[in-house]
1. Y44 fails exactly one of the following numbered conditions: (1) assigned to a strand (DSSP E or B); (2) surrounded by fewer than 19 Cβ atoms within 10 Å (Cβ to Cβ); (3) of a type in the set (S, T, Y). What is the number of that condition?
2. For region 47-62, which residues satisfy the criterion of being in a strand (DSSP E or B), out of contact with any Lys or Arg (no Cβ under 8 Å at 6 or more places or on another chain) and open to solvent by 20 Å² or more (accessible area, probe 1.4 Å)?
3. From the list G100, G38, which one is part of a loop (DSSP other than H, G, I, E, B) and more than 28 Å from P176 (Cβ to Cβ)?
4. A80: within 20 Å of the chain's Cα centre (by Cα), loosely packed, with under 14 Cβ neighbours inside 10 Å, more than 19 Å from L183 (Cβ to Cβ) and of a type in the set (A, V, I, L, M, F, W, C), yes or no?
5. Filter region 20-35 for residues that are open to solvent by less than 60 Å² (accessible area, probe 1.4 Å) and not hydrophobic (A, V, I, L, M, F, W, C); which is farthest from P176 (Cα to Cα)?
6. Only one residue in V111, V106, V73, V65 is without any contact (Cβ under 8 Å) to a residue 60 or more places away in the chain, of a type in the set (A, V, I, L, M) and within 21 Å of R20 (Cα to Cα), so which one is that?
7. Could you look through region 85-103, keep only residues that are over 22 Å from V61 (Cβ atoms) and without any contact (Cβ under 8 Å) to a residue 60 or more places away in the chain, and pick out the one that is surrounded by the most Cβ atoms within 10 Å (Cβ to Cβ)?
8. Can you name every residue in region 134-186 that is acidic (D, E), modelled with pLDDT under 90 and open to solvent by 40 Å² or more (accessible area, probe 1.4 Å)?
Amino acid sequence: MDVMAKTSTTTQGLRAAIERSGYYPALVAEAVEAAVGGEPIRSYLVHQETTFDQNEVRRHVTVLVLTEHRFIVSHTDEQAADNTSPTPYATTSTESVKLGRISSVVLSRVVANPEQYQPGTLPREVVLTIGWGAVSRIDLEPAACGDPNCEADHGYTGNSTADDLSLRVSEAGDGPETVRQALAFAQSLSEATADITR
């Protein structure tokens, strides 16, 4: 398959995945296509999620796209009518990140019965965390020494973690195909960022 045909197939696959999500597909597709521009798409992931916020059910969709030079994140949320808008509305945002800025790609896999795990078995769920320096999380706790009777102030200790995007996909909630797509996207993104550092 030549590059043009593969690009066309990938673009059509992304559009079909956005349509399947059923979440304002025209709005989501337009925002994603505008962000991608004319660049060929290497990989993508569409994740639609429903959350419960007090008495409301809210849906949102995240679309991740990998091109030759960029990682694109599109997120669309729906909002109920409020004092700023008399009608329900949706907010769509896109962010374009140069691949060289991505500092970490973390993929956590959850597998059932690990003692019976066979290579190639689909994980029960995966969590994909991508960091590029826009958001960092700092977890602090009081530092202590080994003396249980010590009352001195030892300051704080903690971790700083790049946490720009974290996406959880499960076989039970999203289906096995979405889990496969998340694994494939994570691998493509990891390979693309490794190519940049060479």
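The values are calculated or read from the model by the stated rules, or taken from the named source; none is laboratory data. Just so it is clear, the model here is predicted, and its values are computed rather than measured. Please note: Cβ atoms are built from the backbone with ideal geometry, for glycine as well, and neighbour counts cover all protein chains shown. Heads up: the accessible areas ignore ligands, DNA and RNA and are worked out on the full protein's heavy atoms, side chains in. Shrake-Rupley method; radii C 1.70, N 1.55, O 1.52, S 1.80 Å.
1. Y44 satisfies every listed condition except (2).
2. D53, E56, V57, R58, R59, H60
3. From the options G100, G38, the qualifying one is G38.
4. On the way: within 20 Å of the chain's Cα centre (by Cα): no; loosely packed, with under 14 Cβ neighbours inside 10 Å: yes; more than 19 Å from L183 (Cβ to Cβ): yes; of a type in the set (A, V, I, L, M, F, W, C): yes.
Spelling it out, it is not the case that A80 is within 20 Å of the chain's Cα centre (by Cα), loosely packed, with under 14 Cβ neighbours inside 10 Å, more than 19 Å from L183 (Cβ to Cβ) and of a type in the set (A, V, I, L, M, F, W, C).
5. P25
6. Of the residues listed, the single one that is without any contact (Cβ under 8 Å) to a residue 60 or more places away in the chain, of a type in the set (A, V, I, L, M) and within 21 Å of R20 (Cα to Cα) is V65.
7. Selected residue: R101.
8. Residues satisfying the conditions are D139, E141, D147, E151, D153, D163.
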